[in-house]
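Novice: One structure follows; several queries about it will come next.
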Amino acid sequence: MKYILKTLIDFLFYLLGLGILLAIGVFFISLFNLDFKWLLLLGSSTEATTPITVSVTILNYSISIIFFFGVGYLREAVKAFMEKKIFQLKTVSYFKRSGIYLSICATLGFISRSLAIIYLRIDNNKTDYGLGYSSLLIFMLICGLCFILISQILKESVAIKEENDLTI
């Protein structure tokens, strides 16, 4: 079971990395052509060039990058679990950082979604901004907060383990 989890997280990590590299490629192609239409279209689902559209696009790209780092730290935490290094401060740090990044990602997602709905008048029933997207953001926030909670529990466990090792 843990190998399936590690494989899925690895797959997600590399898929996100490829997506970020492709977005950087589109950025440089857009910069070379001085036509940012594709970059805006990929980041905000509209071709209009307004300050709000640019803000939503920057938010959406930053969400992808932050999510990439969150999955990267989760990947390291799963590796530590597989190597039986559960009660170490590194593992605590990986879970905490992953939780923080996922929570920031969800918060920025809500901000981006709100800007898109309010200012860009994107239809709420559209697939990428509909109920499923909100549920995904709420789930991401819950996962992030759970990872932070797990890191606090592991931190206390590490302290108890070190205290027991000193007592013996």
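The values are calculated or read from the model by the stated rules, or taken from the named source; none is laboratory data. Everything numeric in this text was worked out from a predicted model, so none of it was measured. Neighbour counts run over all protein chains shown; Cβ positions are idealised from the backbone, glycine included. Heavy atoms of the whole protein, side chains included, go into the accessibility calculation; ligands, DNA and RNA do not. Shrake-Rupley method; radii C 1.70, N 1.55, O 1.52, S 1.80 Å.
Novice: Looking at the stretch 57-110, which trypsin sites (Lys or Arg not before Pro) are in a loop (DSSP not H, G, I, E or B) and have at most 13 other Cβ atoms within 10 Å?
Specialist: When the trypsin sites (Lys or Arg not before Pro) of the stretch 57-110 are filtered for loop state and at most 13 Cβ neighbours within 10 Å, Lys84, Lys85 remain.
Novice: Assuming 0.36 nm per residue, please report the length gained on full extension of the stretch Glu83 to Leu18 beyond their Cα-Cα distance.
Specialist: Fully extending the segment from Glu83 to Leu18 adds 20.7 nm.
Novice: At a probe radius of 1.4 Å, what is the per-residue accessible area of Ile104, in Å² to the nearest 10?
Specialist: Answer for Ile104: close to 70 Å² accessible.
Novice: Given a cut-off of 20 Å, name the pairs among Lys6/Lys90; Lys2/Lys85; Lys2/Lys155 whose C-alpha atoms lie farther apart than that in the structure shown.
Specialist: Distance filter (> 20 Å) returns Lys2/Lys155.
Novice: How large is the accessible surface per residue of the stretch 53-94, computed with a 1.4 Å probe and reported in Å² as a whole number?
Specialist: The answer is 49 Å² per residue.
Novice: How many angstrom separate the Cα center of the stretch 87-119 from the Cα center of the stretch 11-32?
Specialist: Spelled out, the Cα-based centre of one part sits 20 Å from the other.
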